[in-house]
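Participant: My questions all concern the structure below.
Bear in mind these aren't lab numbers, they're just calculated from the coordinates by the rules spelled out. Just so it is clear, the structure is predicted and the values come from calculations on it, not from any experiment. Quick reminder, even Gly has a Cβ in these numbers, built from the backbone with ideal geometry, and neighbours come from all protein chains shown.
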Amino acid sequence: MKKIKSIFFIFILSFWGSQISIAQNVKIYDPEANVSQAITQALVQAKAENKHLLLQIGGNWCPWCLKFHKFCADDQEISLFINKNYIKILVNYSKENRNLAELKKLEYPQRFGFPVFVILDQNGKRLHTQNSSYLEEGDGYSKKKVLDFLKQWSPEALNPNLYPEK
């Protein structure tokens, strides 16, 4: 029994270590990026293309942040839906740069943990903040939950013409 516990403990440590190693090697977030400028430029593009902004807030230190990024990139349906409806911006949150001024404008989305997603309309109005734990399933993300979230906050879903007052 002691041997089984030892093997299990070693397995858990090696899995945890591999997750940390993955997070240390993959760099998708840029601590030096000017988030305010990126949002301003993306809003111009969003207006021209009738899209919303999808802000993915997290860091290269966060295995779940990297996992979500890879999950979306690897799934063609999700990737196409994001490209059709959103301008995606990766917002860094790390010891090098926590982007606190920008997160304050977004009403402190970091309170939900990481990654966290903020949807802005074409005018920069915050429409929604999404706690990513509600999109999880098992040791990853649920395709259905992620697509439902993205569809519910897309420009098409919020088109007032879909909701007649009479």
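Participant: Give me the percent of Cα-Cα pairs in segment 28-159 that sit more than 17 Å apart, rounded to a whole number. Present the calculation step by step, with values, prior to reporting the outcome.
Facilitator: Numbers: 4778 of 8646 pairs.
More than 17 Å apart: 55 percent of the Cα pairs in segment 28-159.
Participant: Name the cysteines of the chain that stand alone by the Cβ rule: no other cysteine Cβ under 4.7 angstrom.
Facilitator: Those would be CYS72, since no other cysteine Cβ in the chain comes under 4.7 Å of theirs.
Participant: Additional query: Pull up the cross-link candidates among the aspartates and glutamates for LYS51, meaning alpha carbon to alpha carbon under 18 Å and not fewer than 8 places away within one chain.
Facilitator: Answer for LYS51, where 18 Å is the Cα cut-off: GLU77, ASP121, ASP148, GLU156, listed by chain and number.
Participant: Which GluC sites (Glu not before Pro) in segment 115-166 pass both tests, a DSSP loop state and at most 16 other beta-carbon atoms within 10 Å?
Facilitator: Working: sites: GLU136, GLU137, GLU156, GLU165; in loops: GLU156, GLU165.
Sites meeting the loop and neighbour criteria: GLU156, GLU165.
Participant: According to a simple spin-label model (label point 7 Å from Cα along Cα-to-Cβ), what is the distance in nm between LYS151 and ARG111?
Facilitator: In this crude label model, ARG111 to LYS151 measures out at 3.0 nm.
Participant: Over the chain, what is the relative contact order in whole percent, taking alpha-carbon pairs under 8 Å and six or more residues apart?
Facilitator: On the way: 213 pairs, mean separation 40.4, N = 166.
Dividing the mean separation by the residue count of the chain yields 24 percent.
Participant: By count of other Cβ within 10 Å, fewest leading, how are THR40, THR129 ordered? Don't skip to the end; give the middle numbers.
Facilitator: Numbers: THR40 11, THR129 18.
The fewest-first ordering by Cβ neighbours comes to THR40, THR129.
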